[in-house]
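K.L.:
Pasting a structure here, questions to come.
The values are calculated or read from the model by the stated rules, or taken from the named source; none is laboratory data. All of these numbers come straight from a predicted model, not from anything done at the bench. FYI the Cβ positions are ideal-geometry reconstructions off the backbone, even for glycines, and counts take in every protein chain you see. These accessible areas exclude ligands, DNA and RNA; they are computed on the full protein's heavy atoms, side chains included. Shrake-Rupley method; radii C 1.70, N 1.55, O 1.52, S 1.80 Å.
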Amino acid sequence: MTVRKILAVPDPVLRKRARNVEGITPEIRALVDDMVETMRAAPGVGLAAPQVGVGLRVIVVEYAEGSEEPRKEGEPPLKPELYILVNPEITRRSRTKVTGDEACLSVPGFSGEVERHADVVVKGHNLHGAAIRIRAKGWLARIFQHEIDHLDGVLYVDRASKMWEIKPEDIQDNV
Ligand code: ZN
């Protein structure tokens, strides 16, 4: 496994629509392994293949659902779940939208306020070719919308109602 270089704006690869993955080859497995390692090293909670310069529809997300809620004293930390999705798509979106602050590993030094659907259903395939369906809400739903946008060449800055500069140490939950 290798930590790959994360591309930053204005790299044109970030603006291209990624292609469907046609089959799970050793190259796809290696890409996913590297993406997981790159996401963890960043650190981040999500990464899309175009962010490492590969124009394919693959995302990885690692997040403990509910971890944005305050924890009670003595409560054990939530265990993050790793999601690996090939050819993901959002098949259902709640009418309810929520505003939250996002940052992106490909847009260093900034954060912004973005409105997203509160709940989404994401469908895709895992590395065994099996169909996966995930119902996500809260921050996890936001991460999936952010990552799947990357596959269409869309960055959160396109959707942000306002943006501001941040120091690297203030960044949390990069995607
Ligand atoms: Zn991003």
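K.L.:
Before anything else, pin down the relative contact order of the chain: Cα pairs under 8 Å, at least 6 apart, normalised by residue count, whole percent.
P.N.:
RCO, the chain: 26 percent.
K.L.:
Related question: Pop out the Kirkwood hydrodynamic radius of the stretch 45-90 from its pairwise C-alpha distances, inverse of mean 1/r, in Å to one decimal.
P.N.:
Radius from the Kirkwood sum: 12.4 Å.
K.L.:
Determine the shape class of the stretch 102-169: with a ≥ b ≥ c the square roots of the Cα gyration tensor eigenvalues, call it rounded for a/c under 1.5, and otherwise prolate if a/b is greater than b/c, oblate otherwise.
P.N.:
It comes out prolate by the Cα gyration axes.
K.L.:
Give a residue-ordered list of calculated ³J(HN,Hα) values for the stretch 147-162 (Karplus: 6.51 cos²θ - 1.76 cosθ + 1.60, θ = phi - 60°; whole Hz; x for Gly, Pro).
P.N.:
5, 5, 4, 4, 6, 9, x, 9, 10, 4, 4, 5, 9, 5, 7, 8
K.L.:
How much of the calculated P(r) for the stretch 83-136 lies past 17 Å, in percent of all Cα pairs?
P.N.:
Percentage above 17 Å: 53.
K.L.:
Along each principal axis of its Cα atoms, how long is the stretch 16-83 end to end? Whole angstroms, biggest number first, please.
P.N.:
Between the extreme Cα coordinates on each principal axis of the stretch 16-83 lie 46, 24, 20 Å.
K.L.:
In Å², what does the accessible area per residue of the chain work out to with a 1.4 Å probe?
P.N.:
55 Å²
K.L.:
What translational diffusion coefficient, to the nearest whole µm²/s, does the chain have by Stokes-Einstein, given a Kirkwood radius computed over alpha-carbon pairs, a temperature of 4 °C and 1.567 mPa s viscosity?
P.N.:
Stokes-Einstein gives a translational diffusion coefficient of 79 µm²/s.
K.L.:
With every protein chain left in place, what is the accessible area of THR96 in Å² (1.4 Å probe, nearest 10)?
P.N.:
Rounded to the nearest 10, the figure is 90 Å².
K.L.:
What part of the accessible area of the chain, given as a whole %, is carbon or sulfur when the probe is 1.4 angstrom?
P.N.:
50 percent
K.L.:
Taking 28 Å as the cut-off for C-alpha to C-alpha distance, list the pairs among LYS72/LYS123; LYS16/LYS123; LYS5/LYS137; LYS123/LYS162; LYS5/LYS72 that go past it.
P.N.:
Distance filter (> 28 Å) returns LYS72/LYS123; LYS5/LYS137; LYS123/LYS162; LYS5/LYS72.
K.L.:
What FRET efficiency, computed as 1/(1 + (r/R0)^6) with R0 = 22 Å and r the Cβ-Cβ distance, is obtained for GLU169 and ASP33, rounded to the nearest 0.05?
P.N.:
0.15
K.L.:
Place the peptides 72-85, 105-118, 5-18 in order of packing, highest mean first, counting for every residue the other Cβ atoms within 10 Å and averaging per peptide.
P.N.:
105-118, 5-18, 72-85
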